[in-house]
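*Asks:* If you scroll down you'll find the structure; I have some questions about it.
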Amino acid sequence: MKKMILLAAAIMMASGASAQMSLVKDLSKKASSSNPMELIEVLEKIEPAFTNPESAKDVLTWYTAGKAAFGVYDKMYEMKLLQQPVDDNMMSQALAAAYEYYQTALPLDSIVEVDKNGAPKLNKDGSKKVKTKYSKEMISAMTGHMGDIANAGNIFLQASDWENAAHAFGNYADIASSAFAIANGVAAPDSTLSQVRFFQGYSQYQIQKYAEAYESFTKARKLGYTDNNIVDFQTSSLANMVQAMLDKNEYDKANNFIDNALKGDPMNGTLHDIKGFTVELQNGVDAALPYYRKAAEVDPDYANAHFDVGRCLYLQAQKIIDDNPNATNKDLVPKIKPIYDEAIPFLEKAAKLNPEDKKAQNVLDDILYKFEVMGVK
């Protein structure tokens, strides 16, 4: 009885999958319609196919959805040219959806070639011959709408719709730098791509997708982008990623990530400072101090690096005091004064660079108080 129930369930699942593909095939016939209502109907009815195990893996599902979405956008754009009222945000969403659907469809668009007997054709190495069916049309549509998707990204950006802005800018950059775009002479120059990648990263940063933002900022910088404090945004993204790793005690992962970042950006003082912070949590002040020193060296105007050097030196001196509770001032001064003397210039510079932050001044005041108590002039 149990076997019969399981068999019945399997048949129902197979039937459901087949029904979804049958629906997709029917909807694919309507995806070329010039009637916007029919296209919207396609988009509404095809949604269940996105999560069905069979139809979600079939290129026809995503191709059909993308074709319908591009059709909706093109019809709305045509209406706008005729000065008819159009919802710009809805139009941009249709275009963004079209790109997402086609981007999903592209890697699925592989059809095994067969001979007249239905057997798969083979390459010389024995692998099956594969061809694409929809890729040329899809890429043509995406490259043909590159300017439109960039404009959609700007609309989303201005509306603070960060998720859609990130997707739109990412789609533009991916297509505008693709081999197809290059072959057809429509690839965007690096100056444009770098700016788009920055705004992609900026949008991702706003919704705290720090790993994606870091990747986008990295791409932008590699393309030559230097505006809008991109280094600060990139470094902040990395800092947030590292903090998430440290919160999980993933020290090795955090260190490896920072080390890789430093290979590409060795003169970034903030990265050296983040490295010092990570090492300090794991191995203490003494191990971290060289990284803080490096941060202050490569970025003399980075207040936090100077404070961290001064703070670590102060803590080294404090440890000497704590480890020698019975020592007299006469015994302690020769040991701790040289350390304090080294710390003071770093703390003074940190206080000068960032006067609103009183932590460096507070440490300085404590050192001067200790000097006074110990009779140091």
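*Asks:* Restricting attention to segment 83-97, does a residue exist that is without any contact (Cβ under 8 Å) to a residue 40 or more places away in the chain and farther than 24 Å from residue 159 by Cβ?
*Replies:* The answer is no; no qualifying residue exists.
One line per residue, one yes/no per condition, for (1) assigned to a helix (DSSP H, G or I); (2) of a type in the set (Lys, Arg); (3) on the phi < 0 side of the Ramachandran plot:
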site	(1), (2), (3)
40	yes, no, yes
47	yes, no, yes
53	no, no, yes
64	yes, no, yes
69	yes, no, yes
75	yes, yes, yes
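*Asks:* Based on this model, can you work out whether residue 120 counts as in contact with a strand residue (DSSP E or B) (Cβ under 6 Å, 6 or more places away or on another chain) and either more than 22 Å from residue 32 (Cβ to Cβ) or of a type in the set (A, V, I, L, M) (or both)?
*Replies:* Details: in contact with a strand residue (DSSP E or B) (Cβ under 6 Å, 6 or more places away or on another chain): yes; either more than 22 Å from residue 32 (Cβ to Cβ) or of a type in the set (A, V, I, L, M) (or both): yes.
Judged against the criteria, residue 120 is a match.
*Asks:* When you scan segment 180-195, do you find a residue that is buried (at least 19 other Cβ atoms within 10 Å of the Cβ) and among the aromatic types (Phe, Trp, Tyr), even just one? So that I can check it myself, show each step before the final result.
*Replies:* First pass over segment 180-195, keeping only residues buried (at least 19 other Cβ atoms within 10 Å of the Cβ): 187-188, 193-195.
Narrowing further to those that are among the aromatic types (Phe, Trp, Tyr): none.
The answer is no; no qualifying residue exists.
*Asks:* What's the number of the condition residue 228 fails, among (1) of a type outside the set (Phe, Trp, Tyr); (2) closer than 22 Å to residue 205 by Cβ; (3) part of a helix (DSSP H, G or I)?
*Replies:* (3)
*Asks:* To continue, here is another question. Please go through (1) over 27 Å from residue 250 (Cβ atoms); (2) modelled with pLDDT under 95; (3) surrounded by 14 or more Cβ atoms within 10 Å (Cβ to Cβ) for residue 313 and return the number of the only condition it doesn't satisfy.
*Replies:* (2)
*Asks:* Still on this model: Would you please list the contacts, defined by Cβ atoms under 9 Å and residues six or more apart or on different chains, that run from a residue in segment 323-338 that is within 13 Å of residue 377 (Cα to Cα) to a residue that is exposed (fewer than 14 other Cβ atoms within 10 Å of the Cβ)?
*Replies:* From residues that are within 13 Å of residue 377 (Cα to Cα), the pairs are 333/375.
*Asks:* Same structure, new question: Mind listing whichever residues of segment 251-292 are assigned to a helix (DSSP H, G or I), among the charged types (D, E, K, R) and surrounded by fewer than 22 Cβ atoms within 10 Å (Cβ to Cβ)?
*Replies:* Listed by number, the residues that qualify are 252, 253, 259, 263, 280, 286.
*Asks:* Taking segment 331-377, which residues are farther than 20 Å from residue 286 by Cα, surrounded by fewer than 16 Cβ atoms within 10 Å (Cβ to Cβ) and touching a Gly at 6+ places or on another chain (Cβ under 9 Å)?
*Replies:* Across segment 331-377, the qualifying residue is only 348.
*Asks:* Which of (1) in contact (Cβ under 8 Å) with a residue 24 or more places away in the chain; (2) closer than 26 Å to residue 247 by Cα is the odd one out, the single condition residue 371 does not satisfy?
*Replies:* Evaluating residue 371 over (1) in contact (Cβ under 8 Å) with a residue 24 or more places away in the chain; (2) closer than 26 Å to residue 247 by Cα leaves (2) as the failure.
*Asks:* Another question, then. Can you go through 77, 63 and tell me which one is touching a helix residue (DSSP H, G or I) at 6+ places or on another chain (Cβ under 9 Å) and at pLDDT 95 or above? Walk me through how you get there before you give the answer.
*Replies:* Details: 77 fails: at pLDDT 95 or above.
Just one listed residue meets the conditions, 63.
*Asks:* Being within 18 Å of residue 172 (Cβ to Cβ), over 24 Å from the mean Cα position of the chain (by Cα) and aliphatic (A, V, I, L, M) is the filter here; which residues of segment 77-102 pass it?
*Replies:* 91
*Asks:* Could you count how many residues in segment 203-218 are part of a helix (DSSP H, G or I) and without any contact (Cβ under 8 Å) to a residue 40 or more places away in the chain?
*Replies:* 7
*Asks:* Output the residue which, of all residues in segment 48-76 that are more than 12 Å from residue 97 (Cα to Cα) and charged (D, E, K, R), is nearest to the chain's Cα centre (by Cα).
*Replies:* That would be 57.
The values are calculated or read from the model by the stated rules, or taken from the named source; none is laboratory data. Please read these numbers as outputs of a predicted model, since none were measured by experiment. So basically every Cβ, Gly included, is an ideal-geometry build from the backbone, and we count neighbours across all protein chains shown.
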